[in-house]
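Down below is the structure, laid out as structure tokens.
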Amino acid sequence: MSNRDESIKRNTSRHYWRVGSLVAIGGLISYLICSPCFSDLEHVIISTLYCSSIMVSQSYGHEWIGIHISKRVGWLKAPIKSLGIALMSIFLYTAVSMSVLTAFFYLVFGFGANFMNSQWVFRNLGLACAIALFIHLIFHVISFLKAWREEAVNAEKLKAQILSSQYEALRNQVNPHFLFNSFNVLSNLVYEDQEKAVKFIQQLSQVYRYVLESRKHEMVELKDELDFIKSYAFLQKVRFGENLHLSIDIPRKSEGAIAPLSLQMLIENAIKHNIISSDKPLMIEILTEKEGFITVRNKLQKKNIPVYESSGLGLQNIKERYKYLSDRSVEIIEDTENFSVLIPTLNFN
């Protein structure tokens with residue numbers, strides 16, 4: 001049996017137990033509040049069905065209301081608003097559903113014909129609404145505490161993701177290959193172009209400074225990340241020369257925030273996984289094609305050999321962080337010519 005079949009079986013069993021318990025409680029309530037209904041077996045069955053129908057309809061109806069309020073408003077984001085909407089919705093639903101059920105059993109089965117009157121109806125409807133509101137208030141508190149706990153768990157997960165992404169970014173920068181390549185380029189520049197060597201050292205120091213500073217934050221301003229990318233791109237450009245082309249087409253005044261080092265990880269992935277040569281120069285573009293997203297696109301020219309030094313966690317870390325930071329997901333588009341990753345821009349609110 002598959003996991004899906006087992007899940008369906010568990011849910012079905014849980015619903016059976018729930019309905020059975022509600023029917024049993026309905027029978028007990030019908031005996032307590034309506035002793036005249038137990039004059040004979042027919043009245044016992046009808047009375048039990050009446051109370052059980054109310055219990056089942058109220059239980060599932062209140063649950064449905066709570067779920068939709070949680071999705072549309074959120075118990076944690078707006079607890080007072082959620083509570084107000086919930087109480088109003090519960091009151092209206094309870095009054096309408098019980099009125100419909102009471103009228104149905106009265107007209108079809110003649111239930112309550114001997115004792116039911118307007119006073120009895122309003123008294124029981126009022127009692128039911130009061131009980132429903134009290135119970136829902138308790139569930140509101142439970143839902144709030146549950147949402148608060150889930151938020152705390154998500155925060156801990158985000159911390160783990162940030163630590164993992166920080167390690168990935170630092171590993172990409174400090175690994176022996178990167179240091180060896182940087183120092184090798186620098187040693188050549190010292191003899192060939194001392195002015196360019198000085199600039200190379202300056203850009204290298206800016207790259208490391210940004211990596212160390214940005215790891216303290218969940219998000220950074222877009223313009224700061226782009227400044228960092230320009231320094232990082234300079235180092236890679238010196239290394240690969242005309243074999244690597246990196247263009248940034250984002251207005252300088254663009255506002256918003258971004259997960260730190262996310263653009264660097266995408267550029268690093270493109271360099272690692274694609275051929276870079278004079279015959280096949282690699283083109284990487286950073287631009288805004290879709291509103292609210294930053295697109296990182298590279299020409300697709302995959303290497304035929306596996307890249308062992310890559311952990312494969314860079315893109316996954318970015319996706320996981322954005323699941324927490326934004327209600328919009330990271331989009332990945334691959335065709336025969338290009339590989340594109342679209343990351344949402346964020347705001348500090």
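Can you tell me which residue is surrounded by the most Cβ atoms within 10 Å (Cβ to Cβ) among those in region 295-322 that are modelled with pLDDT of 80 or more and charged (D, E, K, R)?
R297
Which one of S182, S262 is small (G, A, S) and modelled with pLDDT under 85?
Sole residue among the options that is small (G, A, S) and modelled with pLDDT under 85: S182.
What helices (runs of 4 or more DSSP H) lie completely within region 174-240 and have 3 or more residues being among the hydroxyl-bearing types (S, T, Y), under 28 Å from I162 (Cβ atoms) and in contact (Cβ under 8 Å) with a residue 12 or more places away in the chain?
194-214
Within region 265-277, does at least one residue satisfy the condition of being in contact with an Asp or Glu (Cβ under 8 Å, 6 or more places away or on another chain) and in the same structural domain as I332 (by TED's automatic domain parsing)?
yes
Evaluate the following for I286: is it assigned by TED's automatic domain parsing to the domain that holds E225, modelled with pLDDT of 90 or more, over 25 Å from K159 (Cα atoms) and part of a loop (DSSP other than H, G, I, E, B)?
When the stated conditions are applied, I286 does not pass them.
For region 242-260, give me each residue that is out of contact with any Lys or Arg (no Cβ under 8 Å at 6 or more places or on another chain) and surrounded by 19 or more Cβ atoms within 10 Å (Cβ to Cβ).
Of everything in region 242-260, those that are out of contact with any Lys or Arg (no Cβ under 8 Å at 6 or more places or on another chain) and surrounded by 19 or more Cβ atoms within 10 Å (Cβ to Cβ) turn out to be A257, I258.
Examine region 97-113 for a residue that is modelled with pLDDT under 70, in a loop (DSSP other than H, G, I, E, B) and buried (at least 17 other Cβ atoms within 10 Å of the Cβ), and state whether such a residue exists.
Yes, the conditions are met somewhere in region 97-113.
In region 211-225, is there at least one residue being farther than 12 Å from L261 by Cα and modelled with pLDDT of 80 or more?
yes
The values are calculated or read from the model by the stated rules, or taken from the named source; none is laboratory data. Values in this document were obtained by computation on a predicted structure and should not be read as measured data. Quick reminder, even Gly has a Cβ in these numbers, built from the backbone with ideal geometry, and neighbours come from all protein chains shown.
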